[in-house]
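Asks: Dumping the structure here so I can ask a few things about it.
The values are calculated or read from the model by the stated rules, or taken from the named source; none is laboratory data. Just so you know, these numbers come straight off a predicted model, no measurement behind them. Note: ideal-geometry Cβ built from the backbone for every residue, glycine included; neighbour counts use all protein chains shown.
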Amino acid sequence: MRSRTNTQPLLKSSIIAEVDERPISQNRDGQPLTCSSYAESAEAEVLNDLGGPRRVYSISTSSPSSSLPAFVSVLAVIAILYFAKEVLLPLAIAVLLTFALAPISSRLRKWGLPRSLAVIITVLLAFLFLVIFGLVVAGHVAEVAQNLPAYQGNIIAKIRALQDSGTDNGFIRRLTSTIESVGSELNNEGQPHASPGVGPTPREPLLVEIFAPSRPIQTLTSLIGPLLGPIASLGLVIVVVIFMLLEREALRDRFIRLVGYGDLHRTTEAIQEAGSRVARYLLMQLVVNCTYGVPLALGLWAVGVPNAALWGMLAIVLRFVPYIGPVIAMVLPLFLAFAVDPGWSLVLWVAAIFLILELTSNNIVEPWLYGSRTGLSPLAIVVAAIFWAWLWGPVGLVLSTPLTVCLVVLGRYVPQFEFLEVIFGSEPVLDPKERLYQRLLAGDPDEATDYAEELLEEDYLEDYYAQVAIPALLLAEKDRRRGVLTAEQMDQVYETASALVLNLAEIAQEEEQEEQGQKDEAKVDQRPVTPIKVSDDAEELPDGSGKTVFCIGGRGPLDDASAAMLAQVLQVQGAEVGVARHSDVANRRGTNLVPERTSAIVVCFLNDDSGRQARTVVRRLKRLYPATRVGAVLWTDGEDEKLSLDLKEADFVASNLTSAAREALSGSQPPLVAPPRKIRVRRPLNKTSTTAVQSKST
């Protein structure tokens, strides 16, 4: 029995985004946008064809000449970021630290501290922690460098053992000697070779090293000179962070006035989302790294690796670097274990510790702490790491994820940069029904089934068919009516949808067993059975035990697919079901098609203009099976469930899956007398017969 925690409609888990995609300071016509005009234009909300409000990703119709300036602008921005990195890099670090320290400063202000005092305390504590952390790491690094000569013997012995560990002929040794010989030949390539019979080669010049007396001022300058740049950058970052924290509200107001004064709502929301995402990412990344580094230090200390605290602290810092940092944090302790232990047991223990911590962090800690993700896809993180590392070096690699988060937020609220969210965002750009329709067109039932199983982890089969599968078929029907869907494509959509229904038969059986178990428990406890709800707003579906329902496609392959889906839902409710295609009704003329003692016959139509066809099929079935309830389902898109067609010949007419299942499983009886069929007799209209009749009468 499968457990489900949520039975809300599937479309609620689709893309939740702003609908009105105007620029922050302009309307759709490019005119300046005021608060009143924005309120009026917000009423014109764009709705999805088969769902609720969603982000509209428009296709650009601009000409190549109009897109060229945008491309040049992007290249100009990249050039500025590259050549001005000496100035922009400290500012970027300061901005990100401001995002991270702003919650601490705000908390101190809530405790009653003045603004300036709260900012100074926050900055001092943060940078004091960083300085202490750096000093501890530097001390451990110096200790490791001092002890490395003591491990030289173990390293040489293991390298020799590896060289002799090949075949009996020493494969690794011979390979090493070959590589060394090739390297020596390459080094001597530019030197002239001695010809035979020529005199002795000239002697090579000797290297002479001149020692000059050391001067204290020059020595001090050589030591301090390389440190002046980093110290100056650190001081600049501290000063900028302090002033940004002090003037945070003023900077926010200036940014709003500069960018989006005419749209305060969207600009404020963009600033808040960018700040919350970056701060949450930095905080959660720090917590994840600490939960990784502290157990690592304890584990390395337990197995006997020297300077275990150093490797734990380096792991905390290096894991801020995407992908490369964790590898470096793992290689260094493994190399030290290789150098310290004469055997191989310590290396294996260290590898086991890293393996356990990686599995725990990636599968338990990170999913638990990252309840709200950064909004970036895994591929976007890799691409961003490569781009910012090329642009700003190692520091850019560390800042790649927060900076890309800000770009994605910019693309969410500024339509000109919408491509950033589409490319780097983690949210799907297609609704579930659109994604399923795309897989149906591609003829890929496997991926369609995998995606359906993901959705069915939290929802029931009725929800999936009602809110994803049937709307996907409606999209196909709209394309057919527009003339862009060929007959071959319709057959492919039908075959793929039928394969999807067959693949979901196991899940349908599980749901049927689950409902049967509830019935058995109700009988034991002598309490009434509570039917399963499709959703909180939908009515309960009745029990289908002891009833037989026959589902028929109306007039095309797409209707046949919808009939198969409805039949599977009815089967979950405990009813005996049968399915027939629209061609079966036309070929057999309905004779001996429906089993005896059938409770209801349901004819499914996706085209709301199929009124004439629906009347014909329903009237024919009513004549053949007068003791059976015959109804029609005219599927709608969910926005307007009012039927535009009144089928008086049908016992019931439904517009969605819930109402169709409820009507088909209801205990209502059909009318005892079938509607009479009017037969018209044609009279001869030729002149000969008319004249004969008149003469006989006279």
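Asks: Kindly list the number of the only condition in (1) buried (at least 20 other Cβ atoms within 10 Å of the Cβ); (2) at pLDDT below 85 that fails for Ala508.
Replies: The one condition Ala508 does not meet is (1).
Asks: Something else: Restricting to region 470-495, name every residue that is among the hydrophobic types (A, V, I, L, M, F, W, C) and either assigned to a helix (DSSP H, G or I) or out of contact with any helix residue (DSSP H, G or I) (no Cβ under 7 Å at 6 or more places or on another chain) (or both).
Replies: Ile470, Ala472, Leu473, Leu474, Leu475, Ala476, Val484, Ala487, Met490, Val493
Asks: Tell me which of these Asn363 doesn't satisfy, since it passes every other one: (1) at pLDDT below 85; (2) within 28 Å of Ala142 (Cα to Cα); (3) surrounded by fewer than 20 Cβ atoms within 10 Å (Cβ to Cβ).
Replies: (2)
Asks: Kindly indicate the residue of region 553-580 that is closer than 19 Å to Thr486 by Cα and of a type in the set (D, E, K, R) and also surrounded by the fewest Cβ atoms within 10 Å (Cβ to Cβ) among those meeting that condition.
Replies: Arg555
Asks: Still on this structure: Check off (1) surrounded by fewer than 19 Cβ atoms within 10 Å (Cβ to Cβ); (2) outside any helix (DSSP H, G or I) for Val317 and give me the number that stays unchecked.
Replies: (2)
Asks: Which numbered condition in (1) out of contact with any Gly (no Cβ under 7 Å at 6 or more places or on another chain); (2) buried (at least 16 other Cβ atoms within 10 Å of the Cβ); (3) among the β-branched types (Val, Ile, Thr); (4) at pLDDT 85 or above is the only one that Val398 fails?
Replies: Going through the list (1) out of contact with any Gly (no Cβ under 7 Å at 6 or more places or on another chain); (2) buried (at least 16 other Cβ atoms within 10 Å of the Cβ); (3) among the β-branched types (Val, Ile, Thr); (4) at pLDDT 85 or above, Val398 breaks only (4).
Asks: Do the conditions hold for Ser195, that is, is it outside any helix (DSSP H, G or I), surrounded by 10 or more Cβ atoms within 10 Å (Cβ to Cβ), of a type outside the set (A, V, I, L, M, F, W, C) and modelled with pLDDT under 65?
Replies: no
Asks: Can you find a residue in region 367-384 that is exposed (fewer than 14 other Cβ atoms within 10 Å of the Cβ) and over 16 Å from the mean Cα position of the chain (by Cα)?
Replies: For region 367-384, residues exposed (fewer than 14 other Cβ atoms within 10 Å of the Cβ) and over 16 Å from the mean Cα position of the chain (by Cα): present.
Asks: Taking the options Ala384, Ala337, name whichever one is farther than 27 Å from Ile93 by Cα and not assigned by TED's automatic domain parsing to the domain that holds Leu96.
Replies: After ruling out the rest, the residue left standing is Ala337.
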